[in-house]
Amino acid sequence: MEKEATQNATITQRPIERKKAKKVEVKHFVPYLLVSPLVLWIVITIFIPLSTVIKESFYSTGFVGTQGEFVGLQNYINVFTSSAYWGSWKNSLLWVVGNGLTQTVLAFSVALYLNNKFKLSKFARTWMIIPWIIPTIVVAIFWQWIFNGSYGIFNHVLMGIGLIDQPLNLLGDPTWALPTIIFINSWHWFPFLAVIILAGLAGIPEELYEASAVDGANKWQQFWGITFPSLQHITFALGLVGTLWMFNIFDVIYTLTEGGPAGSTTTVPVQIYQQAFDNYELGSASAMSVVTAIMMLVFAVVFIKFAAPKDE
């Protein structure tokens, strides 16, 4: 009787164990099922276009959708010997450094000011973001109208107060075109950085400033001794992402100047676009893209290695 009871209990437990095993298997695949749409999206939007660009860099393709001849490394040789490509790197470096310095100074200044409590501070924090939410095409049209050499309000005001005798064509002058669009782009983007810095400032304990004030520290010493070190993780992230972001900006430059005048605002993204769609050399433009991506990857690795904040 005991053997029969044991056998019956074993038979009864087997279906239960099988159900538990099936539940475990289902739970095991749920995470993969949930991330599969994202993985599919990344494959479609990143890996397929990237592999296509790498492939086209070995062909003499002229137009999009046509098949060129296999030329091996010739496109890369042309890229490394191209004065136009390396000249665009000079403009890109000036563009990145100019935007980085201008936006950092503006963002920190505004964030530090708005971190204080005063009348309309909440209003200013809310509406400060307006320049950033304006579409790029609207920003370009807006500032083209302001800096227009014939009827722009900028020249009208300067001539009215006697600072200049004749209108300045800032966007049409090779000397002033790049600094002008750096200013325009910085005006467009610094509110976004200021909001991030302002959020970081809100997390710094007020007791640190009170204790330093008791020790006799002034505002400048408090900034370098408390504020800036407390924001090192934020400044690191902004330094890395912001640099890569600024380097790849295309829309505002092309909308304002199309890389001119005389190539003074032709950055690397603009040069690649012109090579592909103005000169109809898609293979050469693809090789430029691959070389640029590798150099950006090297920069990111070096920046992370040497500039990443050390956790104490």
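The values are calculated or read from the model by the stated rules, or taken from the named source; none is laboratory data. Remember, predicted model here, so these are calculated numbers, not experimental data. Don't worry about glycine lacking a Cβ; one is built from the backbone with ideal geometry, like all the others, and counts go over all protein chains shown. Heavy atoms of the whole protein, side chains included, go into the accessibility calculation; ligands, DNA and RNA do not. Shrake-Rupley method; radii C 1.70, N 1.55, O 1.52, S 1.80 Å.
Give the residue that is nearest to GLY242 (Cα to Cα), with candidates limited to residues of the stretch 81-93 that are assigned to a helix (DSSP H, G or I) and either without any contact (Cβ under 8 Å) to a residue 24 or more places away in the chain or in contact with a Leu (Cβ under 6 Å, 6 or more places away or on another chain) (or both).
This residue is LEU93.
Looking only at residues in the stretch 90-109 that are surrounded by fewer than 16 Cβ atoms within 10 Å (Cβ to Cβ) and not hydroxyl-bearing (Ser, Thr, Tyr), which one is farthest from PHE299 (Cα to Cα)?
Only one residue tops the list, namely VAL105.
Taking the condition over 25 Å from SER92 (Cα atoms) and open to solvent by less than 30 Å² (accessible area, probe 1.4 Å), does LEU198 pass?
yes
Quick one: would you say VAL298 is modelled with pLDDT of 95 or more, open to solvent by 70 Å² or more (accessible area, probe 1.4 Å) and within 22 Å of the chain's Cα centre (by Cα)?
The answer is yes for VAL298.
Consider ILE161 carefully, then state whether it is exposed (fewer than 11 other Cβ atoms within 10 Å of the Cβ) and at pLDDT 85 or above.
Here the answer is yes, as ILE161 does meet what is asked.
If you take the residues of the stretch 228-264 that are among the hydroxyl-bearing types (Ser, Thr, Tyr) and more than 29 Å from THR175 (Cβ to Cβ), which of them is most open to solvent (accessible area, probe 1.4 Å)?
SER230
So PHE63 clears everything in (1) closer than 26 Å to ALA293 by Cβ; (2) at pLDDT 90 or above; (3) open to solvent by 90 Å² or more (accessible area, probe 1.4 Å) except one condition, right? Which one?
(2)
Kindly list, by first and then second residue, each pair from a residue in the stretch 253-273 that is within 18 Å of TRP143 (Cβ to Cβ) and modelled with pLDDT under 90 to a residue that is part of a loop (DSSP other than H, G, I, E, B) and not small (Gly, Ala, Ser), limited to pairs with Cβ atoms under 8 Å and residues at least 6 apart or on different chains.
Going by the 8 Å Cβ cut-off, the qualifying pairs are GLY260/THR266.
Consider the stretch 274-284. How many of its residues are crowded, with 19+ Cβ neighbours inside 10 Å, touching a Gly at 6+ places or on another chain (Cβ under 8 Å) and in contact (Cβ under 8 Å) with a residue 40 or more places away in the chain?
3
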